[in-house]
Amino acid sequence: MEILIAEDDPISRKILETILKKWDYQVLVTYDGIEAWKAFNKQENYPKLAILDWMMPCLDGITLCRKIREQFQTNPPYIIMLTAKGRNEDIVTGFEAGADDYITKPFDREELKARVKVGARMVELRGKLSKRVKELEEAMNKIKKLHGLLPICSYCKKIRDDKNYWTRVEEYITQRSNAKFSHSVCPECYEKIVKPQLLEMEKNK
């Protein structure tokens, strides 16, 4: 998993990068909020987990966090705010801006490791949920194709599809759903069609 770091302090940035790489994470290093914002906008596969420093020039971590939340409405990245601010009101401000977690400086390595693991699990769960939602949307689209007015032949009962081809009812439905057909004979058709044929066969024996 790739983790983005937005940290303007070179020492803190190097420590974070070294630690995360030691834990086998891929690290995308940015030096301020503006560079981090560009990284989210340039990449199609944007970082799913980010550690943002609060105090950065030009674009601070809180503002960056808000911009990220506005940009990614679905499957948003998991954001950990990193700062020396430790008052309760500061923590509340961080969460209200859209941060998922909060670590104060100087941070404990084991605490950071635990919080990053939680973030990685959340990213995985969000990814699975997003995939499931997409699958459900595709299933709903297939179901919707079966709704509405269908042009059907009065004689052979074939259906005309959207490409103006006539096809059997079972083929039409099979192509647009997971339904499977097992052919049988209804009582009415048995009396009108099958039974007379059987009687005729008996006569000709």
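The values are calculated or read from the model by the stated rules, or taken from the named source; none is laboratory data. Treat the numbers as computed from the prediction; the structure is a model and nothing was measured. For neighbour counting, all protein chains shown are included, and Cβ atoms are generated from backbone atoms with ideal geometry for every residue, glycine included.
Worth pointing out:
- Scope region 17-32; condition buried (at least 19 other Cβ atoms within 10 Å of the Cβ) and either in contact (Cβ under 8 Å) with a residue 60 or more places away in the chain or among the aromatic types (Phe, Trp, Tyr) (or both); matching residues: Leu20
Conditions tested, residue by residue: (1) surrounded by 10 or more Cβ atoms within 10 Å (Cβ to Cβ); (2) in contact with a Gly (Cβ under 9 Å, 6 or more places away or on another chain); (3) without any contact (Cβ under 8 Å) to a residue 12 or more places away in the chain; (4) over 30 Å from Ile51 (Cα atoms).
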residue: Lys113; (1), (2), (3), (4): yes, no, no, no
residue: Val116; (1), (2), (3), (4): yes, no, no, no
residue: Ala120; (1), (2), (3), (4): yes, no, no, no
residue: Lys134; (1), (2), (3), (4): yes, no, yes, no
residue: Asn141; (1), (2), (3), (4): yes, no, yes, yes
residue: Ile152; (1), (2), (3), (4): yes, no, no, yes
residue: Arg168; (1), (2), (3), (4): yes, no, yes, yes
residue: Phe181; (1), (2), (3), (4): yes, no, yes, yes
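- Residue identified as over 30 Å from Arg13 (Cβ atoms) and either at pLDDT 80 or above or surrounded by fewer than 14 Cβ atoms within 10 Å (Cβ to Cβ) (or both) among Lys145, Lys158: Lys158
- Applying the condition of being over 19 Å from Gly119 (Cβ atoms) and assigned to a helix (DSSP H, G or I) to region 34-53 and asking which residue is modelled with the lowest pLDDT yields Lys42.
Matching residues to (1) out of contact with any Phe, Trp or Tyr (no Cβ under 6 Å at 6 or more places or on another chain); (2) more than 25 Å from Leu16 (Cα to Cα):
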residue	(1), (2)
Pro106	yes, no
Glu111	yes, no
Arg132	yes, yes
Pro151	yes, yes
Ile159	no, yes
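- Tallying residues that are of a type in the set (A, V, I, L, M, F, W, C), under 21 Å from Asn45 (Cβ atoms) and part of a helix (DSSP H, G or I) within region 14-29 yields 1.
- Residue match in region 33-45 (condition: among the small types (Gly, Ala, Ser), within 25 Å of Lys128 (Cβ to Cβ) and surrounded by 14 or more Cβ atoms within 10 Å (Cβ to Cβ)): yes
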